[in-house]
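*Asks:* The following block contains the structure, expressed as structure tokens.
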Amino acid sequence: MLYSEVDDEGWEVRKIEIFPDGRIGFASEGEVVGSTELGEKPLPSVEEISADPQFRATLVKKDDFEAVWARRFDRARYTA
């Protein structure tokens, strides 16, 4: 599962990746844990992402993203 906070121009501001085995990685402008990095170009729209059958993109409320971001240190294992 991947969560990205995106600015008005489509650039990732913060990102969290949660892998099937429970490992996580996350990144922001001043913080990188594991192999997770912010994108090098703006993200496509949710509709464009969802057009690729390997993805199911949905918008989440800011409060929901903040809750996931706040718990990023709760997990014991991080990506290498």
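*Asks:* Scan segment 32-40 and tell me whether some residue there is touching a residue at least 40 places away in the same chain (Cβ under 8 Å) and not in a loop (DSSP other than H, G, I, E, B).
*Replies:* So far as segment 32-40 goes, yes, one or more of its residues are touching a residue at least 40 places away in the same chain (Cβ under 8 Å) and not in a loop (DSSP other than H, G, I, E, B).
*Asks:* If I filter segment 38-45 for residues that are touching an Asp or Glu at 6+ places or on another chain (Cβ under 6 Å), surrounded by 13 or more Cβ atoms within 10 Å (Cβ to Cβ), closer than 18 Å to residue 70 by Cβ and modelled with pLDDT of 95 or more, do I get at least one hit?
*Replies:* no
*Asks:* Testing residue 53 on (1) out of contact with any Asp or Glu (no Cβ under 7 Å at 6 or more places or on another chain); (2) surrounded by 11 or more Cβ atoms within 10 Å (Cβ to Cβ), one condition comes back false. Which one is that?
*Replies:* (2)
The values are calculated or read from the model by the stated rules, or taken from the named source; none is laboratory data. Only a predicted model underlies this, so the values are computations on that prediction, with no experimental measurement involved. A quick note on method: Cβ atoms are made from the backbone with ideal geometry, for glycine too, and the neighbour counts reach across all protein chains shown.
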